[in-house]
Amino acid sequence: MLDRSLATCEAIQINVLEYFLEDPSNIECKQGEDAMLTCKIRAKSPSVKWSKGGNALIPNEKCKMSNDGIEHKLILKNADSSDSGEYCVEVGKASKKLQLKVIEYFLEDPSNIECKQGEDAMLTCKIRAKSPSVKWSKGGNALIPNEKCKMSNDGIEPSNHICNETLIQVDSRRITDES
């Protein structure tokens, strides 16, 4: 004979089980990398919905969503500072929050400078330690160290010492001379 009180108790326990198998973790990634937010959800749970700042996220070129059984992923391609913030993953009426922090390489933006033709121009940028190497360009062409162009790396301040150059483009910022 079936004990109905036990069956009712088990049914109640099943209904109140959490959809999440574990709490999602906060994530840090470097600027330009793909950020992957993950959560593990019980099988046969309602569909997973992701949001940021109260706005539902929709899959597109930058934002990919996938699941492999119990593991659900939100992948943000080529992460930048605008991707940093609080994200929410919802399953049915249950939700969990997690933070994404995108670590930027530049500690401060390079500044425009002016110099007269024939004078030396010193360009500097400050980047975070363990950033990729700095590459400078002029007119879309990579600058290569030579007798007119000297480059150095002084701790966190890679610099580019340009001699006798009149127009240089670095990170879409123009440096012009006064004739």
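List of remarks:
- Local electrostatic count, ASP83, Cβ distance below 14 Å [Lys/Arg +1, Asp/Glu -1]: -1
- Full extension of the segment from GLU33 to ASN55, taken as 0.36 nm per residue of separation minus the current Cα-Cα distance, would add 5.6 nm.
- Translational diffusion coefficient (Stokes-Einstein; Kirkwood radius from C-alpha pairs) of the stretch 113-154 at 10 °C, 1.306 mPa s, in µm²/s: 129
- Local electrostatic count, LYS64, Cβ distance below 12 Å [Lys/Arg +1, Asp/Glu -1]: +1
- The stretch 18-103: C-alpha gyration tensor shape, a/c 1.5 cut-off, then a/b vs b/c: prolate
- Cross-link reach list, lysines versus LYS93, counting only Cα pairs under 20 Å and skipping chain neighbours closer than eight places: LYS40, LYS44, LYS49, LYS52, LYS73
- Along its first, second and third principal axes, ordered by size, the stretch 55-152 spans 68, 23, 22 Å in Cα coordinates.
Every number here is computed from the coordinates shown, using simple stated rules; none is lab data. Note that the structure is predicted; figures quoted are calculated from it, not measured. When we count neighbours, we look across all protein chains shown, and the Cβ atoms used for this are built from the backbone with ideal geometry, even at glycine.
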